[in-house]
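The values are calculated or read from the model by the stated rules, or taken from the named source; none is laboratory data. Treat the numbers as computed from the prediction; the structure is a model and nothing was measured. All Cβ positions, glycine included, derive from the backbone under ideal geometry; neighbour counts span all protein chains shown.
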Amino acid sequence: MSKLLALTGMVLSANPIGDYDKRIVILTRERGKISAFAKGARRQNSSLLAASNPFVFGTFSFYEGRTSYTLVSARIENYFQTLTQDLEGVYFGFYFMEFADYYARENNDDAELLKLLYVSLRALTNQRLSRELVRYTFELKAMMLNGEYPEVFTCRECRGSERLGAFMLSGDGMICMDCAGKVHDCIRLQDATVYTFQHVISASPDKLYTFTVSPEVLREFKTVMECFRKKYIEKEFNSLKILKTILNY
């Protein structure tokens, strides 16, 4: 029998298999996204009952087979119970996990993505932060980790770094006010919106959610991010559809 393998991660999704088992998808620090069988996890007396649910974060022990993993035990650090008891919050969380699942790969170095997901779920429980701001911040940072992000520190036209004040949709980046008049597909932005993009791109995950913005800045940030995300991601996220229904937009 193979040795136990311990991996730190978060359960992204769980689906029933047979009468009592589950198939779970976990984003791990060491091996990226993996699938595992949790045998008997749907039995009321199972030691895996609580550990095999979405949002659970901790260290999981597996037996590794040729084509799959089998979950044996788990040491849980966070269940995110506060979030899962809030309908709006839980669907923001489901969306984040579906988004992470979209980018994560098996045997990939997804340690930063896991860290981003964890701190973003925690940010959703912070009543001082707008959940929409957390959402668009998470999206931009996750896309950046995958190598898809706009140029926000220099002008896409002249390469200068002064007076950045608009976003060029076709060029995926900021342009300065001197060049803005020459571009037809740009969105004018406040200085604070430019700084918001720069902060999200440059900050480490643990320093990411240390700011708030005005409603006007959030609206501009949202407008650009909706266009940018749709340009690079064609997938329709089921959790986002439900979230939009809940929020009525």
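List of remarks:
- Restricting the stretch 171-191 to residues that are in a loop (DSSP other than H, G, I, E, B), within 26 Å of the chain's Cα centre (by Cα) and touching a residue at least 24 places away in the same chain (Cβ under 8 Å), the residue that is farthest from residue 151 (Cα to Cα): 190
- Among the numbered conditions (1) surrounded by 15 or more Cβ atoms within 10 Å (Cβ to Cβ); (2) under 21 Å from residue 102 (Cα atoms), the only one that residue 80 does not meet is (2).
- Within the stretch 199-220, residues that are modelled with pLDDT of 95 or more and surrounded by 15 or more Cβ atoms within 10 Å (Cβ to Cβ) reach partners that are assigned to a helix (DSSP H, G or I) and of a type in the set (Lys, Arg) with beta carbons closer than 9 Å, at six or more positions or on different chains, in the pairs 199/207; 200/141; 201/141; 203/141; 208/141; 209/122.
- Single match in 186, 227 (criterion: modelled with pLDDT under 95, farther than 30 Å from residue 98 by Cβ and assigned by TED's automatic domain parsing to the domain that holds residue 125): 186
- Each residue in the stretch 222-249 was checked for being surrounded by 15 or more Cβ atoms within 10 Å (Cβ to Cβ), more than 24 Å from residue 151 (Cβ to Cβ) and among the aromatic types (Phe, Trp, Tyr), and 1 of them qualify.
- With respect to the conditions (1) of a type outside the set (Ser, Thr, Tyr); (2) modelled with pLDDT of 95 or more; (3) part of a loop (DSSP other than H, G, I, E, B), residue 77 falls short on a single one, namely (3).
- Answer from 78, 107 - the residue that is of a type outside the set (Val, Ile, Thr) and on the phi > 0 side of the Ramachandran plot: 107
- Residue within the stretch 146-157 that is in the same structural domain as residue 128 (by TED's automatic domain parsing), of a type in the set (S, T, N, Q), under 23 Å from the mean Cα position of the chain (by Cα) and in a helix (DSSP H, G or I) present: no
- Any hit, the stretch 40-58, residues being touching a residue at least 24 places away in the same chain (Cβ under 8 Å), among the charged types (D, E, K, R), farther than 30 Å from residue 194 by Cβ and crowded, with 18+ Cβ neighbours inside 10 Å: yes
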